[in-house]
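Structure record follows, encoded as structure tokens.
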Amino acid sequence: MKTRWGSCNPKAGRILINLEMIKKPERCIDYIVLHEMAHLIEKRHNDRFRDILTQVMPLWQTYRNELNEAPLGHDEWQE
Ligand SMILES: [Zn+2]
């Protein structure tokens, strides 16, 4: 968990959140949790995944950008 904000293992139903997130604004933490939870439904970053996120958090792209400006990133987000 040194290079990513969070990860998800859909088979095990397990979500890991990087402890560094504790230093981030609450809205960003919410975004990471929802992002990883959305992976329980949809594994890939496709349209379905984005639709799920948009339903629960319409401004998710704003928070993602905010996090991507930080040194730690989630590899797959560089789309
Ligand atoms: Zn992801």
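Values quoted throughout were computed directly from the atomic coordinates according to the rules given, and no laboratory measurement underlies them. These figures come from a predicted structure and were not determined experimentally. Here Cβ is always computed from backbone atoms with ideal geometry, including for glycine, and neighbour counts include all displayed protein chains.
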Check off (1) closer than 19 Å to Asn68 by Cβ; (2) under 11 Å from the mean Cα position of the chain (by Cα); (3) surrounded by fewer than 17 Cβ atoms within 10 Å (Cβ to Cβ) for Cys28 and give me the number that stays unchecked.
(3)
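Taking the stretch 1-25 as the search range and keeping residues that are of a type in the set (A, V, I, L, M, F, W, C) and in a loop (DSSP other than H, G, I, E, B), which one is nearest to Glu69 (Cα to Cα)?
Trp5
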Is there any pair with a first residue in the stretch 9-27 that is of a type in the set (A, V, I, L, M, F, W, C) and a second that is assigned to a strand (DSSP E or B) and surrounded by 13 or more Cβ atoms within 10 Å (Cβ to Cβ) whose Cβ atoms are under 7 Å apart and which are 6 or more apart or on different chains, and what are they?
Ile15/Gly6; Ile15/Cys8; Leu16/Gly6; Leu16/Ser7; Ile17/Gly6
Among the residues of the stretch 43-54, are any assigned to a helix (DSSP H, G or I), β-branched (Val, Ile, Thr), in contact (Cβ under 8 Å) with a residue 12 or more places away in the chain and touching a helix residue (DSSP H, G or I) at 6+ places or on another chain (Cβ under 6 Å)?
yes
Is the stretch 33-40 home to any residue that is over 12 Å from the mean Cα position of the chain (by Cα) and of a type in the set (A, V, I, L, M)?
no
